[in-house]
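The structure appears right after this line, and notes come after that.
The values are calculated or read from the model by the stated rules, or taken from the named source; none is laboratory data. This one's a predicted model, so the numbers in the text were calculated from it and none came from an experiment. As a convention, Cβ positions derive from the backbone with ideal geometry for all residues, glycine included, and neighbour counts pool all protein chains shown. These area figures cover heavy atoms from the full protein model, side chains too; ligands, DNA and RNA do not enter into them. Shrake-Rupley method; radii C 1.70, N 1.55, O 1.52, S 1.80 Å.
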Amino acid sequence: MPLVAAFACPHTPQLLVRPPTEDRALVLRVHAALAEVKRRLTAARPDVIALIAGDHIEGFFLNAVPALAVHVGARAAGEFGRYRYAFDVHEPLARAIVEQSIEAGFDPAYTQDVPLDYAFYVPLHFAMPSPPVPIVPLYVNVYLPPQPTPRRCHAWGRALRAIVDARPERVALVASGGLSHFPGTERYGAPDFDFDRALLASLAEGRGAETARLTGEELDKAGNVELRTWITLLGALGEARAEVLAYEPSWHHGNAVVAWPV
Amino acid sequence: MSDVHYFFPPAAAYPLNRFLFALKSDAAARARYVADAQATMRDYGLDEATRAALAGFDRDRLVALGAHPYLLFMAQVRLTMEREPANFEYF
């Protein structure tokens, strides 16, 4: 079964639980774009959503830092403030991704029991289709150096596409992350929105493969360490042209919601 | 510490990062810290310089000590969410 949908979404927790520092109107515009993702995801009738996200040192601390990982447990659960989330994991697809990624030379770790990071459940809070479907959490290390190279992420994305295309399920792929932001650093109030805009323009022209040539240092400098999740997705999408549903730069974060035809 | 914003965490900073991880991700650890900050920091094996830097959440000093910037950031967010619940809008 071919891929049935592909999106990239932001996951900044201020979209879920808004402090007074955030522009409410901007937050609501991002919610509206995520509602459009939900509408399109529902129309695509996926059997499973495979989300590619970076762990915010929630599931994986310094006791083990996998470059790539797959959640193959029965359920994936996490909490943020008053919210509690628990999603069914699509075990057959999750297991196939682990087994076939290893056959393809990628060696992802797998887990059956780590707390789910908000990078997964913030997009799902707003965009899970109705009725909900199982998920497969796919992890790309973004915050604990040394992270996988963009080239490696892109190559894994190509392998994921081959795996998904051979599956019986209707699969949606969603990358969670970005764009420019620098949480916890002296650059928090000064994201690189020029980088984001140039990136989105190139993706709209179908030039996603160029992201594989970025370096880790360039991503760090641009506040785009999380772009690795997009680059993984772009590996699965070839030369598809991005449709930018929203780009909403806040005082600290370039919120981008993007769709691709599949 | 480094030319990059997110650097390889030095092994010497493991107790500090373990403590920040607990504040971020463990509600019980946060409650203990709010009730008795000094005792909780000692329980996590933090030395005096680290405890002093944590007293004011002095980011530059903590990062110089090897704190992961993101852990610092989200530990503070989670503490603030619990200290000032009325200031947060849940969607």
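Filtering the stretch A:129-150 to residues that are in a loop (DSSP other than H, G, I, E, B), of a type in the set (A, V, I, L, M, F, W, C) and more than 14 Å from chain B (Cβ to nearest Cβ) leaves only A:Val133.
Considering (1) more than 13 Å from chain B (Cβ to nearest Cβ); (2) within 27 Å of A:Gln112 (Cα to Cα), the lone condition that A:Ala44 does not fulfil carries the number (2). Contact annotation: residue pairs with Cβ atoms under 8 Å, 6 or more positions apart or on different chains, pairing a residue in the stretch B:78-91 that is at the interface with chain A (Cβ under 7 Å from one of its Cβ atoms) with a partner that is exposed (fewer than 12 other Cβ atoms within 10 Å of the Cβ), are B:Asn87/A:Pro20; B:Glu89/A:Arg24; B:Tyr90/A:Arg82.
For A:Gly73, indicate whether it is within 14 Å of chain B (Cβ to nearest Cβ) and open to solvent by less than 40 Å² (accessible area, probe 1.4 Å). Break it down stepwise before answering.
On the way: within 14 Å of chain B (Cβ to nearest Cβ): no; open to solvent by less than 40 Å² (accessible area, probe 1.4 Å): yes.
For A:Gly73, the condition - within 14 Å of chain B (Cβ to nearest Cβ) and open to solvent by less than 40 Å² (accessible area, probe 1.4 Å) - is not met.
Test A:Tyr110 against the stated conditions and say whether it is hydroxyl-bearing (Ser, Thr, Tyr), in contact with a Gly (Cβ under 6 Å, 6 or more places away or on another chain) and farther than 26 Å from B:Ala67 by Cα. So A:Tyr110 does not fit the description; no.
In the set A:Val48, A:Val65, A:Val37, which member is more than 23 Å from A:Pro131 (Cα to Cα) and at pLDDT 95 or above? Full working, then the answer.
Numbers: A:Val48 fails: more than 23 Å from A:Pro131 (Cα to Cα); A:Val37 fails: more than 23 Å from A:Pro131 (Cα to Cα).
Every option except A:Val65 fails the conditions.
Tell me which of these B:Ala64 doesn't satisfy, since it passes every other one: (1) touching a helix residue (DSSP H, G or I) at 6+ places or on another chain (Cβ under 7 Å); (2) of a type in the set (A, V, I, L, M); (3) more than 7 Å from every other protein chain (Cβ to nearest Cβ). Tallying (1) touching a helix residue (DSSP H, G or I) at 6+ places or on another chain (Cβ under 7 Å); (2) of a type in the set (A, V, I, L, M); (3) more than 7 Å from every other protein chain (Cβ to nearest Cβ), B:Ala64 fails exactly one: (1). Of all residues in the stretch A:87-107, those satisfying the criterion of being surrounded by 18 or more Cβ atoms within 10 Å (Cβ to Cβ) and more than 19 Å from A:Pro168 (Cα to Cα) are A:Phe87, A:Phe106.
Entry remark, the stretch A:1-29: residues being under 16 Å from the mean Cα position of the chain (by Cα) and part of a helix (DSSP H, G or I) number 2 in total.
Are any of the residues in the stretch B:25-37 at the interface with chain A (Cβ under 8 Å from one of its Cβ atoms) and under 24 Å from A:His181 (Cα atoms)? Talk me through it step by step, then tell me what you get.
Our first condition is that a residue be at the interface with chain A (Cβ under 8 Å from one of its Cβ atoms); within the stretch B:25-37, this holds for B:25.
Narrowing the set further to residues that are under 24 Å from A:His181 (Cα atoms) leaves B:25.
Looking through the stretch B:25-37, at least one residue is at the interface with chain A (Cβ under 8 Å from one of its Cβ atoms) and under 24 Å from A:His181 (Cα atoms).
Residue check: B:Pro9 meets all listed conditions (1) within 12 Å of chain A (Cβ to nearest Cβ); (2) under 11 Å from the mean Cα position of the chain (by Cα) but one, namely (2).
Of all residues in the stretch A:112-127, which are in a loop (DSSP other than H, G, I, E, B), more than 14 Å from chain B (Cβ to nearest Cβ) and touching a strand residue (DSSP E or B) at 6+ places or on another chain (Cβ under 8 Å)? Scanning the stretch A:112-127 gives a single hit, A:Gln112.
Condition test on A:Tyr85, is it in contact with a Phe, Trp or Tyr (Cβ under 6 Å, 6 or more places away or on another chain) and under 21 Å from A:Leu179 (Cα atoms)? Judged against the criteria, A:Tyr85 is not a match. Considering the stretch B:44-61, the residues that are within 16 Å of B:Ala22 (Cα to Cα) and at pLDDT 95 or above include one that is farthest from the other protein chains (Cβ to nearest Cβ), namely B:Arg51. Among the residues examined, A:Arg82 qualifies as within 14 Å of chain B (Cβ to nearest Cβ) and of a type in the set (Lys, Arg).
Name, by its number, the condition in (1) at the interface with chain A (Cβ under 10 Å from one of its Cβ atoms); (2) touching a Lys or Arg at 6+ places or on another chain (Cβ under 7 Å); (3) hydrophobic (A, V, I, L, M, F, W, C) that does not hold for B:Met41. Only one criterion is unmet by B:Met41, namely (1). Comparison of A:Arg84, A:Arg24, A:Arg29 shows that the only residue that is in contact with a strand residue (DSSP E or B) (Cβ under 7 Å, 6 or more places away or on another chain), free of Cβ contacts under 8 Å to residues at least 12 places away in the same chain, closer than 22 Å to B:Glu89 by Cα and surrounded by fewer than 22 Cβ atoms within 10 Å (Cβ to Cβ) is A:Arg24. Taken as a whole, the condition of being open to solvent by 10 Å² or more (accessible area, probe 1.4 Å) and touching a residue at least 24 places away in the same chain (Cβ under 8 Å) does not apply to A:His11. For the stretch A:50-58, does any single residue satisfy the condition of being touching a Pro at 6+ places or on another chain (Cβ under 8 Å) and within 10 Å of chain B (Cβ to nearest Cβ)? Yes, there is a match, as at least one residue in the stretch A:50-58 is touching a Pro at 6+ places or on another chain (Cβ under 8 Å) and within 10 Å of chain B (Cβ to nearest Cβ). The numbered conditions (1) facing another protein chain (nearest Cβ under 8 Å); (2) in contact with a His (Cβ under 8 Å, 6 or more places away or on another chain); (3) not basic (Lys, Arg) are all true for B:Phe21 except (2).
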